[in-house]
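A quick write-up on the structure given underneath.
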Amino acid sequence: MIHLFHAQSLKSLTLLALAVLLSSCSSDSHDHDPQAESSTGPGGVLSSIAVTPGNSNIGMQQTRQFTAVGIYSNGSSEKLTESVTWSTSDENIVSISETGLATAHAEGEATITATMEGVSGSTLMRVSLSDDQGPSPPENPDPLPGTSAVIIDHTAANIDAVPAEWIEQAAGSLCIAYGHTSHGSQIIDGMAGLVDFRGSRYAFNASGAGDALELRDTPFPGANDLGSPSLTAWAGATRTYLDAHPEVNVVMWSWCGQVSDATESDINTYLSLMDTLEGEYPEVKFVYMTGHLDGTGLEGNLHRRNEQIRQYCRTRAKILYDFADIETYDPDGVFYGDRYPDDACAYDSDGDGSRDANWAIQWQNAHVEGQDWYDCYSAHSQPLNANLKAYAAWWLWARIAGWNGR
Ligand SMILES: [Ca+2]
């Protein structure tokens with residue numbers, strides 16, 4: 001129920017937000033399943049399952065109890081830990097019991113999945129040899145793991161959590177080509193504002209001059225974004241550019257509003273083209289993206305298509321900058337996804353179905369400009385949204401440069 005958000009406990013609020021965030025994988029066929037009526041729970045049809053804790057780390061031979069929470073079509077939830085079927089992507093790394101108790105056996109990563117009535121949710125679990133989770137020295141950066149997904153979501157929108165040495169490592173090693181139109185420009189404008197806010201450590205330019213991060217802003221002739229002038233033009237433009245610029249080792253493209261009206265097939269085309277490019281240019285890291293929020297909520301086509309992209313990236317070990325997820329939470333972790341937020345950060349505060357408030361403006365007004373947030377241009381949105389996009393972008397660059405994200 002939406003009333004949950006009025007609960008006194010911030011912890012329960014955060015957990016619920018996390019649960020909804022982590023929910024995934026409700027199959028599209030579910031809507032057309034004649035048996036769907038049989039899966040009605042306390043709040044209607046089971047629409048997704050959230051598995052927590054999310055993205056956890058564990059030492060060898062240690063155990064961890066996972067919890068599955070079902071999210072129903074009306075937004076209510078129910079604990080399903082004992083009801084779901086638990087599975088692991090790699091028994092040799094992590095095994096899991098029928099009740100969700102995981103045991104670590106070998107160093108590596110495994111995906112833990114809970115399934116019920118054709119709906120599933122999953123989370124990543126890392127097993128390390130020791131309990132030391134601190135950042136490793138940057139002298140010999142690990143190559144970006146090719147065996148697990150790198151998901152840059154709202155939890156990555158924290159500039160203070162990205163170690164300075166990895167900011168420097170990214171600036172010294174990456175050459176990024178980024179294609180976008182207005183919404184995607186939030187990352188660039190946010191990054192530019194961050195230099196004024198936090199200093200030259202975060203500097204970037206098209207040549208890498210002055211030890212800055214080398215980032216080429218909209219360098220691709222022949223395409224504007226992932227949907228303009230067509231849903232496929234960007235792929236050819238990428239090839240043309242990479243063939244002429246072999247120094248580029250990161251490619252990122254953003255959507256404008258095309259995910260809102262995209263079909264499942266359209267998104268499959270996008271994913272397939274990205275995957276093909278990865279095969280053709282193995283030295284280049286390709287960053288996937290979700291489409292920006294459009295106010296249609298968790299039931300809308302946008303959310304379904306974004307979930308399609310997320311699911312693909314999770315299961316295929318891709319790099320995802322989750323544009324929509326980043327603009328679904330305020331900096332305190334408050335979730336707005338079930339209140340029909342749009343790209344301007346407007347949302348429905350009173351449940352009457354129309355947007356009447358703006359979480360970014362509220363947060364900005366409740367905090368100190370120049371200290372807690374910074375002013376910058378933010379196309380279609382508020383400065384805070386571009387702040388968060390920039391923080392997450394630096395997290396992304398650091399991860400690609402070899403930071404383990406912990
Ligand atoms: Ca309203």
Task: Amide H partners (placed H, <5 Å) of Phe204, local residues excluded - done: Leu213
Task: Nonlocal amide H pairs with Ser56, under 5 Å, H built at 1.01 Å - done: Leu124, Arg126
Task: Highest to lowest packing among 160-166, 115-121, scored as the average C-beta count within 10 Å - done: 115-121, 160-166
TODO: Can you tell me the FRET efficiency between His105 and Glu82 if r is taken as the Cβ-Cβ distance and R0 is 22 Å, rounded to the nearest 0.05?
DONE: 0.40
TODO: With both partners inside region 150-401, how many of the DSSP beta bridges are antiparallel, as a percent to the nearest 5?
DONE: 20
TODO: Extending each Cα 7 Å along its Cβ direction at Thr269 and Ser56, get the distance between those two points in nm, one decimal.
DONE: 4.2
TODO: Could you list the residues of region 318-334 with an amide nitrogen less than 12 Å from a label point located 7 Å from the Cα of Asp160 in the Cα-to-C-beta direction?
DONE: 332
Open item on the list: Using 0.36 nm times the number of residues separating Thr276 and Asp375, minus their current alpha carbon distance, what extension gain do you get?
Closed with: 31.7 nm
Open item on the list: On a full-extension model of 0.36 nm per residue, what is the gain between Ala366 and Asp352, subtracting their alpha-carbon distance, rounded to one decimal in nm?
Closed with: 2.6 nm
Open item on the list: Using the Karplus curve 6.51 cos²θ - 1.76 cosθ + 1.60 with θ = phi - 60°, what ³J(HN,Hα) values do you get for each residue of region 324-339, in whole Hz, with x for Gly and Pro?
Closed with: 5, 5, 4, 9, 9, 10, 7, x, 8, x, 6, 8, 10, x, 8, 10
TODO: Tell me the label-point distance for the pair Glu98, Val334, using the 7 Å Cα-to-Cβ offset, in nm and rounded to one decimal.
DONE: 4.4
Open item on the list: Give me the dipole magnitude in Debye, nearest 20, for region 150-401 about the Cα centre, with unit charges on the beta carbon: positive for Lys and Arg, negative for Asp and Glu.
Closed with: 660
TODO: Would you please give the residues with an amide H less than 5 Å from that of Trp253, counting only those at least 5 places away or on a separate chain, with H modeled from the backbone geometry?
DONE: Gly179, Val287
Task: Using a Förster distance of 41 Å, the FRET efficiency for Ser182-Ser89 (Cβ separation, nearest 0.05) - done: 0.60
- [ ] Specify whether the C-alpha gyration tensor of region 173-214 places it in the rounded, prolate or oblate class, a ≥ b ≥ c being the square roots of the eigenvalues: rounded for a/c under 1.5, otherwise prolate if a/b is larger than b/c and oblate if not.
- [x] oblate
Task: Shape of region 150-401, Cα gyration tensor, a/c cut at 1.5 - done: oblate
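Taken together, the values in this text are just the output of simple stated rules run on the coordinates, not laboratory data. What you see is a predicted model, and the numbers here were worked out from it, not measured in a lab. All Cβ positions, even for glycine, are placed from backbone atoms using ideal geometry, and neighbour counts span all protein chains on display.
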